[in-house]
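Student: Structure provided below as structure tokens; questions to follow.
No lab work stands behind these numbers, since they all come straight from the coordinates. All of these numbers come straight from a predicted model, not from anything done at the bench. FYI the Cβ positions are ideal-geometry reconstructions off the backbone, even for glycines, and counts take in every protein chain you see.
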Amino acid sequence: MTQYVREARLPGLVISVPCLSTTVSGVQSASAKSPYPFTADLAIKKSQNMQWYPHLAFNGQCETAFHFYEKCLGGKIVLMMRYVEAPIEASPEMKEKIAHPTFAVDDQMFSGSDVLPTNYLKPQGFHIQLNLKDAVEAEHIFRTLAENGSVGMALQETFWARRYGALVDQFGVPWEINCEKGN
């Protein structure tokens, strides 16, 4: 019988992983018992060879979005490179657009870029999930990210979280804010 791992936790990221047993990629389950049907807990071995580094595509508003994320998330833009500064050719309308920014909060990072309007696709099929320990901070981040965006699920208590909500920010990026119980 196939068992499903409810979630594997890496800093700031939750991944659902299907598996055939309680061993995944050579990592033995910490516990075969789980309060959830068809799930098993995973012991995650910290890898020095891999880090999650989401890259967000924007339709010309990357710079504005990254400054907005500084305000919302309390992190810092550590790099902001325009196409004119990059060692690639760019069309005249893209020269002042952003080729590569990096945003960091503690040891978490993500990047992004402006893409040609003809190549831009609206983000779908994923959310960037922020796992927070403090409910007040979760409320602040949710409220700030939701400015001029759309709320899919208001931030509220759920059976697994002190606060959970989903939204799409004003730049079209989907977010989930999660503050689990017990944190």
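Student: Quick check: pseudo-label points 7 Å beyond the Cα along Cα→Cβ at Trp52 and Gln129, how many nm apart are they?
Tutor: Taking the two extended label points, one gets 0.8 nm.
Student: Taking the Cα atoms of the stretch 123-183 alone, what are Rg (to one decimal) and Dmax (as a whole number) in Å?
Tutor: Rg then Dmax for the stretch 123-183, in Å: 10.8, 32.
Student: Is the stretch 53-121 rounded, prolate or oblate when judged by the Cα gyration tensor, a ≥ b ≥ c being the square roots of its eigenvalues, rounded requiring a/c under 1.5 and prolate requiring a/b larger than b/c? Numbers along the way, then the final one.
Tutor: Working: a/c = 2.14, a/b = 1.77, b/c = 1.21.
Taking the square roots of the gyration eigenvalues as a ≥ b ≥ c, the stretch 53-121 is prolate.
Student: Using the Cβ atoms and a cut-off under 11 Å, what net charge is assigned to the surroundings of Gly149, where Lys and Arg are +1 and Asp and Glu are -1? Don't skip to the answer; put the middle values down first.
Tutor: Values: positive: Arg143; negative: Glu147, Asp169.
Neighbourhood net charge equals -1.
Student: For the stretch 90-151 and the stretch 48-64, what is the separation of their C-alpha centers, rounded to whole Å?
Tutor: Cα centroid to Cα centroid, the span is 7 Å.
Student: Another question, if that's okay. With the cut-off at 21 Å, tell me which of the pairs Lys71/Lys133; Lys97/Lys122; Lys76/Lys181 have Cα atoms farther apart than that. Working shown, then result.
Tutor: Numbers: Lys71/Lys133 19 Å; Lys97/Lys122 18 Å; Lys76/Lys181 28 Å.
In this structure, Lys76/Lys181 exceed 21 Å between Cα atoms.
Student: What does a probe at Ala90 reach in the stretch 103-126, counting residues whose amide N is under 18 Å from the point 7 Å along Cα→Cβ?
Tutor: Backbone N within reach: 103, 111-121.
Student: List the aspartates and glutamates whose Cα lies under 19 Å from the Cα of Lys95, skipping any in the same chain that are fewer than 8 positions away.
Tutor: Here the aspartates and glutamates satisfying the reach criterion relative to Lys95 are Glu63, Glu85, Asp114.
Student: From the phi of every residue in the stretch 150-158, what ³J(HN,Hα) in whole Hz does the Karplus formula 6.51 cos²θ - 1.76 cosθ + 1.60 yield, where θ is phi - 60° and glycine or proline is x?
Tutor: 10, 8, x, 9, 4, 5, 7, 6, 10
Student: Quick one: which residues, 5+ away or cross-chain, put their amide H under 5 Å from the amide H of Arg162? H built at 1.01 Å from N.
Tutor: For Arg162, whose amide H was placed from the backbone, the distant partners under 5 Å are Cys179, Glu180, Lys181.
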